[in-house]
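A.B. asks: Quick one: this structure, given as structure tokens, is what I'll be asking you about.
The values are calculated or read from the model by the stated rules, or taken from the named source; none is laboratory data. In this text the structure is predicted, and so the values were computed from the model without any measurement. Cβ placement follows ideal geometry from the backbone for every residue including glycine, while neighbour counts extend to all protein chains displayed.
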Amino acid sequence: MNKGQISNNIRRLRFDHDEMTQKELAEKTGVSRQTIVAIEKAKYSPSLELAFQIAHAFGRPVQDVFSYEIFE
Amino acid sequence: MSQQEKSVIVSLITSLILFVFFAFYMFGLHEQGRLVGPDVYSLIGKSFFLLIGGGIAVSIVVQILVTIIHAIVTKGYEPMLNDERDKLYSLKCMQIILLIFSVGFMASMALLALEMVAPHIVFLLIIFSMFIANFIGDLVKLFLYRGGM
């Protein structure tokens, strides 16, 4: 099976939303700020539910926030 | 440093203190020649429950100290929130603890089966493998929190 990596645009989307802080995003999605930091740095892959919640917080579809790249 | 990382550090310090204390205590009993005779199993059982009680007390003291020091250094307080990442890391930590403890238990049973050690040593080996499993599990959890995965 080919390995893949999840990347995200959270930093840019936060910037587009009046410099939304990590703490504000954490409060909107019901997780800790550390979890948002870890997701933003691509050190932790969120569950599908959390991914949808983050996308919902930005008012965007989930594919605008997260993308998946497969390494051949 | 998050509350979770602080809890892991408290657990690591507590495990280390108890491990050293228990090792010295058992070595003392061995030196006194009290680890022979029919009362040895009851003595190990009592020591184990003393250790559990001591563990709770040490954990509370270390938790208070770490919280005070952290609050003084960072001048802030972040509430404890247990989200999906914390649950996942706890599960991974538990998996490692169970794996290492199982290896320790199997090794102890193998030593007993091969009659390489006395039965009371097997009890001590099981207790020590529990300590080591807990310690390594906490180290892995701390690594996950610090470095991610």
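A.B. asks: Of all the residues that make up region A:1-54, how many are of a type in the set (Ser, Thr, Tyr) and within 26 Å of A:PHE71 (Cβ to Cβ)?
C.D. replies: Qualifying residue count, region A:1-54: 5.
A.B. asks: Further question on the same structure: Pick from region A:1-39 the residues that are surrounded by fewer than 18 Cβ atoms within 10 Å (Cβ to Cβ) and within 10 Å of the chain's Cα centre (by Cα): which of them is nearest to B:LEU142 (Cα to Cα)?
C.D. replies: Per the criteria, the residue is A:VAL37.
A.B. asks: Does A:GLU69 meet the test of being surrounded by fewer than 17 Cβ atoms within 10 Å (Cβ to Cβ) and modelled with pLDDT under 90?
C.D. replies: Yes, satisfied.
A.B. asks: Quick check: anything in region A:8-28 in contact with a strand residue (DSSP E or B) (Cβ under 8 Å, 6 or more places away or on another chain) and within 14 Å of B:ASP83 (Cα to Cα)?
C.D. replies: Checked region A:8-28: no residue is in contact with a strand residue (DSSP E or B) (Cβ under 8 Å, 6 or more places away or on another chain) and within 14 Å of B:ASP83 (Cα to Cα).
A.B. asks: Then there is this: All but one of (1) within 25 Å of B:PHE143 (Cβ to Cβ); (2) surrounded by 14 or more Cβ atoms within 10 Å (Cβ to Cβ) hold for A:ARG60; state the number of the condition that does not hold.
C.D. replies: It fails just one condition, (1).
A.B. asks: Okay, next question. Tell me the residue from B:LEU18, B:LEU35 that is in contact (Cβ under 8 Å) with a residue 60 or more places away in the chain, outside any helix (DSSP H, G or I) and either among the β-branched types (Val, Ile, Thr) or touching a helix residue (DSSP H, G or I) at 6+ places or on another chain (Cβ under 6 Å) (or both), please.
C.D. replies: Among B:LEU18, B:LEU35, only B:LEU35 is in contact (Cβ under 8 Å) with a residue 60 or more places away in the chain, outside any helix (DSSP H, G or I) and either among the β-branched types (Val, Ile, Thr) or touching a helix residue (DSSP H, G or I) at 6+ places or on another chain (Cβ under 6 Å) (or both).
A.B. asks: Looking at region B:105-121, can you tell me whether even one residue there is assigned to a helix (DSSP H, G or I) and under 30 Å from A:GLN53 (Cα atoms)?
C.D. replies: No, the conditions are met nowhere in region B:105-121.
A.B. asks: If you don't mind, there's one more thing I want to ask. Being more than 14 Å from chain B (Cβ to nearest Cβ) and not β-branched (Val, Ile, Thr) narrows it down to one residue among A:GLU40, A:GLU27, A:GLU19; which is it?
C.D. replies: Being more than 14 Å from chain B (Cβ to nearest Cβ) and not β-branched (Val, Ile, Thr) holds for just one of A:GLU40, A:GLU27, A:GLU19, which is A:GLU19.
A.B. asks: Right, another one. Select from region B:98-139 the residues that are surrounded by fewer than 16 Cβ atoms within 10 Å (Cβ to Cβ) and of a type in the set (Asp, Glu) and list them in ascending order.
C.D. replies: Listed by number, the list holds a single entry, B:GLU115.
A.B. asks: Are there any pairs with C-beta distances below 6 angstrom linking a residue in region B:1-13 that is away from every other protein chain (no Cβ under 13 Å) and among the polar types (S, T, N, Q) to a residue that is buried (at least 18 other Cβ atoms within 10 Å of the Cβ) and assigned to a helix (DSSP H, G or I), with the two at least 6 apart or on different chains, and if so which?
C.D. replies: Close Cβ pairs (under 6 Å, with a partner that is buried (at least 18 other Cβ atoms within 10 Å of the Cβ) and assigned to a helix (DSSP H, G or I)) amount to B:SER11/B:ASP138.
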